[in-house]
1. Test P348 against the criterion of being at pLDDT 95 or above and either buried (at least 20 other Cβ atoms within 10 Å of the Cβ) or among the charged types (D, E, K, R) (or both), and give yes or no.
2. Among the residues of segment 120-152, count how many are more than 18 Å from T83 (Cα to Cα) and not in a loop (DSSP other than H, G, I, E, B).
3. Would you call G276 on the phi > 0 side of the Ramachandran plot and touching a residue at least 12 places away in the same chain (Cβ under 8 Å)?
4. Give the number of residues within segment 210-243 that are assigned to a loop (DSSP other than H, G, I, E, B) and either within 12 Å of ligand 2 (Cβ to nearest atom) or in contact with a strand residue (DSSP E or B) (Cβ under 7 Å, 6 or more places away or on another chain) (or both).
5. How many residues, within segment 89-103, are more than 10 Å from ligand 1 (Cβ to nearest atom) and surrounded by 13 or more Cβ atoms within 10 Å (Cβ to Cβ)?
6. Can you tell which of G177, G193 is among the small types (G, A, S) and more than 17 Å from H56 (Cα to Cα)?
7. Going by the conditions given, is L375 more than 16 Å from ligand 1 (Cβ to nearest atom), in a helix (DSSP H, G or I) and hydrophobic (A, V, I, L, M, F, W, C)?
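The values are calculated or read from the model by the stated rules, or taken from the named source; none is laboratory data. Quick caveat, the model's predicted, so the values are computed rather than measured. All Cβ positions, even for glycine, are placed from backbone atoms using ideal geometry, and neighbour counts span all protein chains on display.
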Amino acid sequence: MTQLNENNSESVAITDETLRGLVASDRVNRRIYLDQAIFDLEIDRIFGRAWLLVGHESQVPSSGDFFCTTLGRSPVVMVRAETGQVNVIHNRCGHRGAKVVNTLSGNNKRFRCMYHSWSYNLDGSLSSVPLRDGFPSDFDLKDRSRGMASLPCVEIYRGFVFAKMNASGPTLLEHLGDARFAMDEIADRSPVGELEVCGGMHRYYFKGNWKHQIENLADQYHAPFSHESSVTPDGYQFSRRPGEKGTRIKMLNKDGTPGTESKGQWWFPWGHNACGAQTTDGDQGGEAFDRYRSELERLKGVEQARDLLTHKRHLAFFYPNFDLHILAQAIRVVRPISVNLTEVQIFPIKLKGAPEQMFSDTVRLLNLTHSCSSLAQTDDVEAFERIQTGLQGRSGEWIRIQRAIDRDVPDKERGGMLGPQFTEAAIRNQHTAWVKYMADWQ
Ligand code: FES
Ligand SMILES: [Fe+2]
C-alpha cells in the first residue's frame, strides 16, 4: 500500500496504529527522530494542523511592511495592510507557483512576481496581470483563487501573531490555554504593556531532528552539567544582566550537585510547557534599570512593580515551534527542514517604553547565550548532533524519558501540571501532543 506525502512522492504507508506504537508513557522509539517518512508526516500533520508562531506584529508596524518566514514547508508573508490589519498569506504566485517575496522583510505597496510580473495587493489578491487579453474571458482579478492565498486562521495574542493551515481544531485561546500567561508575564513588564521585535535575528542550524531542540526547551535537567563550562568557580553561571547577584543562575554547589531543583516545571495540554525562573530582576542594578524600575513603580505602584520584576518563568514553549525566552527576552522559532536538519531563529524582544540601554543589553546578552558562537547554545547544539549520531546505533529501539514520573500535581495558581525542575514530564507531554496530532486528530 502506498500514499502520497506532501512532496507528492510515494512512500510506504505508516498507519496511525504504527505511529501510536512509537510512543509510550515513559519512552519513545528512536524511529521518530530518524525516519524521513515520519518527518514528512510531521510536516503534514503537526505543522499542517497546529497553531504556529508566525512572528510579532511589531515586525510590521506600518502599511506595506512585510516579514517572510516558513511554516512547515510553506513559505508565507506576514504583511500589514492599508487597513492596519495583519495578514498572513502564502508566499506563492497564483500563476505558476513561484515564491513571490524573496527578502526577509521590507516595505512594499504591492508584491510583484519576477517570473511573469503578476502583481498582488497587500491582502494577496491580484492587482494586475500583463497581457490579460490572452486569458479566458472569465478571468477575473477579483477571483481570490488566482491570488496569493490567505491562511485560513490568523489570530494575535499580546502582539504575537499565530496562524494555522487548516480551519479545524481549537481556537488560539483554546490551544494556548493557561500557557498563555507567559506572554502576559513578559508583555506586562513593559511600562506601556507592549513589546517590540526590532533588533535583527540570530540563526543557527544543527544536523539533528527538530524534536531535540524542543525537548531541550522542556529539559532543565541538562543545564548544570551540559553548560558546566559557563559556570564560574563560585557555582554561578555568568551574569546575564548588568547588576547584581540575583541576575545570575546558581548552577552548581561546591560538591558539584546542581544549585537548585526547586523552581518547578509546568506542562499544559497541546504540548506546551514553562520552566520556573531561577533568577529575579528585583535586585538588578544599573542606571538604566533603576530608571525603568522607578517608572514601573510610578505607573503600577511599588508592590505590583516588584511582582512584575520577579521572574516567574525562565522560558515558555508553545508546541510545536515557539519558545518565548523570558529571562533572555527573546523569541526562538524552531523550523524543521529535514529529518536530520533544523534551523532555529532568535529575535530579541524590546520592552516598549523601557530605556534603550536595556534593549542594547538584551541584544548583547543574546550574543552570549543564544548566538551560534555563544557560551551556552553551542553546548546544546553539540548535544543535539551527538544524539542524532548516537541514535543511529542499533543497541536498542527505545529512549526512556522517565525522570520524576508520576510526580506532577495540578497547579491552581498558574494552571497546568507542575513537577520538579528536573522532571522529564514536559518532554513526555510533548510526545503526548505528538500522538494527538499524528494519529488521534479529530
Ligand atoms: S509564476 Fe508568477 S507570474 Fe508567472
Ligand atoms: Fe541548554
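1. Numbers: at pLDDT 95 or above: yes; either buried (at least 20 other Cβ atoms within 10 Å of the Cβ) or among the charged types (D, E, K, R) (or both): yes.
Considered against the rule, which asks whether it is at pLDDT 95 or above and either buried (at least 20 other Cβ atoms within 10 Å of the Cβ) or among the charged types (D, E, K, R) (or both), P348 comes out as yes.
2. The total comes to 7.
3. Numbers: on the phi > 0 side of the Ramachandran plot: no; touching a residue at least 12 places away in the same chain (Cβ under 8 Å): yes.
It is false that G276 is on the phi > 0 side of the Ramachandran plot and touching a residue at least 12 places away in the same chain (Cβ under 8 Å).
4. Quick first cut of segment 210-243, residues assigned to a loop (DSSP other than H, G, I, E, B) only: 217-222, 227, 232-235, 238-243.
So of that shortlist, the ones also either within 12 Å of ligand 2 (Cβ to nearest atom) or in contact with a strand residue (DSSP E or B) (Cβ under 7 Å, 6 or more places away or on another chain) (or both) come out as 217-222, 227, 235.
Number satisfying all stated conditions: 8.
5. The initial filter retains those residues of segment 89-103 that are more than 10 Å from ligand 1 (Cβ to nearest atom), namely 89-91, 101-103.
With the extra rule that they be surrounded by 13 or more Cβ atoms within 10 Å (Cβ to Cβ), the set shrinks to 89-91, 101.
Qualifying residue count for the region: 4.
6. Values: G193 fails: more than 17 Å from H56 (Cα to Cα).
Going through G177, G193 in turn, just one is among the small types (G, A, S) and more than 17 Å from H56 (Cα to Cα): G177.
7. On the way: more than 16 Å from ligand 1 (Cβ to nearest atom): yes; in a helix (DSSP H, G or I): no; hydrophobic (A, V, I, L, M, F, W, C): yes.
No: the conditions fail for L375.
Rundown of residues vs (1) of a type outside the set (D, E); (2) assigned by TED's automatic domain parsing to the domain that holds R73; (3) touching an Asp or Glu at 6+ places or on another chain (Cβ under 9 Å), yes/no style:
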position	(1), (2), (3)
R293	yes, no, yes
R298	yes, no, no
Q304	yes, no, yes
A328	yes, no, no
R332	yes, no, yes
E343	no, no, no
F347	yes, no, no
F359	yes, no, yes
N367	yes, no, no
